[in-house]
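Notes for the one structure printed next.
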Amino acid sequence: MDKSVFKSMINWVFNTVYNDVIEDTWKPCLDLSSGVSVDPCEKSQLCGLEFHHGEKFRIDIQFLLSSTFSQVSKEILPHWWKAYLSRCDQLKPQLTNKVDFFFQQSNVDFYQKRYDPMLPYCLPDCHVYEFDKLGDSMKLAGIFQKVHILNKEYNSSSILGLIERASEFTRSPYRHLPLDPILQDLCSVFGLPVWIGLMCGRNEMIKLVFDSLDKYDNNLELALRWFSYEFGHRLRETCDILNNLKDARYRICLDLNLTEYIDSPRCCIEVMPLNNTQEARRWSLLGDLQRAFRLPEHTVESIESIHQNLPYGERRIAGTKSFLECESESIRCFAANLNHYKICLIPGAKSLVKSYVGVGAGMN
């Protein structure tokens, strides 16, 4: 196992791309990354940086990991994680490029062992670990489970099976059963979520991340009838705005408490430019979002300023030992680019925007 890869990635990105950011802001990310071990046979590694552009600027971090073949400190992981991981669908160990698996077409042939071959989906043993910066340290916010949909001819009740697979976290036998029809109606309107966040560090909520579209044509009323008028009106209005955006796709993220009914849940919209490189150079989509959601000028200026060096990449020069600030000699290249924006719809408050950047490393 190699502990130097993510540390080298964080060192590189903050000493080259974000060298204007003060060290106190990103050092907790560096300290955390040095405790993450990865399989040296993997062809690439990926982490994500989450930039908060509000009154208190901060940076959170995410790691994409093969959970069976990577190691995170046991003190960080929740007590139920080992039992849950044993019920995930096991990817073949020779799958050496998990990034391709997550972001390109994949099929059932990628799996060594499935939890239930009859199900129309798989929950692979590969996850995104998300950490929030709290004070001078990082805290596990949640672990995101990819839902690999194999057959789109599924029943809306399939979403209940997803929830019950993580029974220790979701407390399936004790959860608020009247939420079942809400979950099923959400599935009927938006489809099965493509990610489920088990947010153990955020009041044990679950985060449902639905598939991305360039336009939502479905009638939202079946799902929105369960929530407050204000919540429904704001989500409809937001979808109408985003349906008219050019060169972008978006997806809805919804936070739910499975043991308590909330009529105005936290809802965020991830907005993804079709051309990330062009967006990082021209900021045309950001300008559209500013006008549509009346984002403060200082927020937009913060985003453009902090990401002014994107896109950025660097390859090892033949004959040299290493990159600047890079401990791992197994890394052959680095890259960083804008990934997406997130619009946060907060009840009774103005919309907030965050920006996300992907940092990758190609391995020898």
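Numerical summary
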item: Cα-based reach from Lys152 at 20 Å (exclusive), listing lysines while leaving out same-chain residues under 8 positions away; result: Lys215
item: Computed [θ] at 222 nm, helices only, for the chain once each DSSP H run of length n ≥ 4 contributes -39500 (n - 2.57); result: -8000 deg cm²/dmol
item: Per-selection Kirkwood Rh - the range 1-156 (Cα, Å, 1 d.p.); result: 16.9 Å
item: The range 48-57 - phi-based ³J(HN,Hα) in whole Hz, Karplus 6.51/-1.76/1.60, Gly and Pro as x; result: x, 10, 10, 9, 9, 10, x, 4, 10, 5
item: Positive-pole candidate from Thr25, Ala83, Met9, dipole of the range 1-84, charges at beta carbon; result: Ala83
item: Residue order, fewest to most beta carbons within 10 Å, for Asp24, Asp125, Asp116; result: Asp24, Asp116, Asp125
item: Hull volume in cubic angstrom per residue (convex hull over the Cα atoms of the range 201-343); result: 167 Å³
item: Pairwise label distance in nanometres, Leu134 with Asn244, each label 7 Å out on the Cα-Cβ vector; result: 4.1 nm
item: Amide H contacts under 5 Å for Leu134, placed H, 5+ residues apart; result: Lys139
item: Residues whose placed amide H lies under 5 Å from that of Met205, excluding near-sequence neighbours; result: Met199
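We did not get these values from a lab; they are worked out from the coordinates using the rules stated. Here the structure is a predicted model, which means the values were calculated and not measured. Every residue, glycine as well, gets a Cβ built from its backbone with ideal geometry; the counts of neighbours run over all protein chains shown.
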